[in-house]
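Only one structure is covered here, and it is reproduced in the block below.
The values are calculated or read from the model by the stated rules, or taken from the named source; none is laboratory data. Bear in mind the structure is a predicted one, so any value in this text is a computation, not a measurement. Neighbour counts run over all protein chains shown; Cβ positions are idealised from the backbone, glycine included. Remember, those area values only see protein heavy atoms, side chains included, never the ligands or the DNA or RNA. Shrake-Rupley method; radii C 1.70, N 1.55, O 1.52, S 1.80 Å.
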Amino acid sequence: MSKTRREFLKTAGVAAGCAVLPPRIDLLRGPALASGRASDGQSSAADYTLHIKVSPIEIAPKRIVSTTTYNGQFPGPLLRFKEGRAVTVDIFNNTDTPEQLHWHGQRVSTDVDGASEEGTPFIPAHGQRRITFTPGPAGLRLYHTHNRAGANLAEGQYNGEVGAVYIESRDEAGAHDREVFLMLKEFEPKFSRGGDMDQDFLAPAAKNKALKDAGEAAMKVSLAKGTPKGYEVEYGAFTINGRMLGHGDPVKVKSGERVLFHVVNGSATELRSLALPGHSFRVIALDGNPVPKAATVPVLWLGPAERISATVEMNHPGVWVLGDLDNDDRQHGMGIAVEYAGRSGKPVWLPPAKFMWNYARFAKAGTKAAEPDQFFDMTFAKDNASEDGFNRWTINGAAYPMTGETAPAAFHLTEGKRYRIRMKNASDDIHPVHLHRHSFELMSVAGERTAGVYKDVMMLGGYEEAEIDFVADNPGLTLFHCHQQLHMDYGFMTLMAYV
Ligand SMILES: [Cu+2]
């Protein structure tokens, strides 16, 4: 590598308010690989074909964004797989830079998973890769780019490379009349420097005083030196299924129907909420995995890459806004109309009463947790604006290298063993932490014991603690990271290796 990332960032002239984006370059993606396990001599057609390409996407009349897409559409095509039935997917990369396509939430091999840090070959620029894998586990998954973006807001998950995957189980039950997929996604990103707004919607809200004192002291030292707060990302346009509120087709329902919503947060960075005035959601699955206790809630909350499957009894006729609680984001598009048959008019929004989101609500009560074979301790911390104005993120004091090389694994696994990750968040941000190629069980959230809730992303509250267990049942390098693109790109990543 001829240039370090730091030098790149300098030469790219990153500054607050700088409207000119650096060109797409390979540096941020790690070493360019010419050799995707490209598929010469294919004789048969693939089951699915995806073309990665830059396309114009009309998110509202005459509001057209240019973004990288799958097959020229947003969201990418819904891929329906059958659990246990192998599929072949051809991925063509029609862009100038190598790509990684990540099968989020699936138990696949490192060759397929789509993370260069695990050793998945890149899909070469203007090249192709054919992959074959057996989908699973059943339920709502997603696919998205796993490229890093760094300071380039035209890259990584800031663009339109995301689509839903639905894997039908062998005994797919259908206690609903209609199934609706919702992809929540922002466009027109830009950098800001205001610092994040505090979001307190997670319960229990038990902050750890030692973590808070440490985090606030570090911030105070940085600000006292005159350092401004690190860059954050904000957006100009908000969409559901690629259309701003008021400009897409409404979800058409009939009174008395039970509608199953499959919600995917396809955001690079944002926590999202959803409410439907006069209705409630019966949550049946989190991250595609059935919950032990379905529970009815007035509001859904999802961090980046989280999914919720919930049924809604259509028992309140009208035309409503199914939308984000944040007034600004909803008014800039984060919503979709739900229209009952025979009703018309402007969709109506009514804010719900304050509601705290708690994963424990869906847990199995009174269950004694299985004991792990080993504990991993992880403390997450923020080094304010220390990476050319970007916050540097560390796990146990170490930032994953940003220059493209693969760091050695920091955690070691033995196949068949059960591990408990004890996470401590020494920052005020909520982090959607994600484990690749495995599901984890939530064991405790901010001190509250839980069992039976299996996920692959969880939101860890500011200055809070949580514990997650997973069984090492899928050998190969395994990436653990924050799913917030700015955080993962600036250090919040670590690798686990099977020994
Ligand atoms: Cu994070």
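Miscellaneous remarks
- Residues that are polar (S, T, N, Q), more than 18 Å from the chain's Cα centre (by Cα) and crowded, with 24+ Cβ neighbours inside 10 Å, drawn from the range 102-139: T120
- For Y463, the conditions (1) more than 14 Å from the ligand (Cβ to nearest atom); (2) closer than 24 Å to D200 by Cα; (3) within 23 Å of the chain's Cα centre (by Cα) all hold with the exception of (1).
- Qualifying residue in the range 420-433 (condition: assigned to a loop (DSSP other than H, G, I, E, B), of a type in the set (S, T, Y), more than 25 Å from W301 (Cα to Cα) and within 13 Å of the ligand (Cβ to nearest atom)): no
- Selection within the range 466-475 - part of a strand (DSSP E or B) and either more than 16 Å from the ligand (Cβ to nearest atom) or over 30 Å from M219 (Cβ atoms) (or both): E467, D469, F470, V471
- Qualifying positions in the range 445-499 - small (G, A, S) and touching a helix residue (DSSP H, G or I) at 6+ places or on another chain (Cβ under 7 Å): G476
- Residue in the range 301-309 that is buried (at least 16 other Cβ atoms within 10 Å of the Cβ), over 21 Å from the mean Cα position of the chain (by Cα), not in a loop (DSSP other than H, G, I, E, B) and not basic (K, R) present: no
- Considering only residues in the range 350-402 that are in a loop (DSSP other than H, G, I, E, B) and in contact with a helix residue (DSSP H, G or I) (Cβ under 7 Å, 6 or more places away or on another chain), the one that is most open to solvent (accessible area, probe 1.4 Å) turns out to be D388.
- Among residues of the range 481-499, those that are assigned to a helix (DSSP H, G or I) and within 10 Å of the ligand (Cβ to nearest atom), counted: 4
- Considering the range 347-385, and only residues there that are hydroxyl-bearing (S, T, Y) and either away from the ligand (no atom under 16 Å from the Cβ) or over 30 Å from D489 (Cα atoms) (or both), the residue that is farthest from the chain's Cα centre (by Cα) turns out to be T367.
- The residues listed here are T478, T406; of these, the one that is open to solvent by 10 Å² or more (accessible area, probe 1.4 Å) and more than 12 Å from the ligand (Cβ to nearest atom) is T406.
- Residues in the range 117-154 that are closer than 23 Å to L302 by Cβ and either assigned to a loop (DSSP other than H, G, I, E, B) or modelled with pLDDT under 95 (or both): P135, G136, P137, A138, H146, N147, R148, A149, L153.
- Tabulated pairs, the range 476-499, first farther than 8 Å from Y400 by Cβ, second β-branched (V, I, T) and assigned to a strand (DSSP E or B), C-beta under 6 angstrom, 6+ apart or interchain: F480/T494; C482/V433; H483/V457; M496/T478
- Within the range 70-112, tally of residues that are among the hydroxyl-bearing types (S, T, Y) and closer than 12 Å to Y143 by Cα: 1
- Lone unmet requirement of (1) open to solvent by less than 20 Å² (accessible area, probe 1.4 Å); (2) free of Cβ contacts under 8 Å to residues at least 60 places away in the same chain; (3) in a loop (DSSP other than H, G, I, E, B) for L325: (1)
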